[in-house]
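Each remark here refers to the structure printed beneath this line.
The values are calculated or read from the model by the stated rules, or taken from the named source; none is laboratory data. Since the model is a prediction, treat every value here as computed from it, not as a measurement. Please note: Cβ atoms are built from the backbone with ideal geometry, for glycine as well, and neighbour counts cover all protein chains shown.
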Amino acid sequence: MTLYDDISLVYEQLQKLLSEAAELREHVGELERYNAYLQQKLLDEQQGSGFEALNSLYNEGYHICHAHFGHQREEDCLFCLSLLFHEGRSLPEDL
Ligand SMILES: [Zn+2]
């Protein structure tokens, strides 16, 4: 085997490695984008379910505000309503 053959072989292997590296980089990029999508989806679901829990607790007739949390309410409470309102969602059903 001549030196030229050795260099050709190394060059060929290097090309193959570079090609594999490019494929891996592309694959990592896809996985990172998918991971970011899943994290955002999880975050949205957690925020959504927390809000739904508070909303239904309020609709069942309990305070969700810091001052009276968990106590039964006789009428609408402005603190509770502002909390629900600031969640950026619709107001409770009975309003
Ligand atoms: Zn309240």
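Miscellaneous remarks
- Among the residues making up region 52-70, those that are more than 8 Å from the ligand (Cβ to nearest atom) and in a loop (DSSP other than H, G, I, E, B) are GLU60, GLY61, HIS66, GLY70.
- Cβ separations smaller than 8 Å between residues 6+ apart or across chains give the following pairs from region 63-88 residues that are closer than 25 Å to ASP44 by Cβ to residues that are near the ligand (Cβ under 8 Å from one of its atoms) and among the charged types (D, E, K, R): CYS80/ARG73.
- Set TYR58, TYR62, TYR37: member being under 30 Å from HIS86 (Cβ atoms) and in contact with a strand residue (DSSP E or B) (Cβ under 8 Å, 6 or more places away or on another chain): TYR62
- Condition broken by LEU95, with the remaining ones in (1) modelled with pLDDT of 90 or more; (2) within 16 Å of the ligand (Cβ to nearest atom) satisfied: (1)
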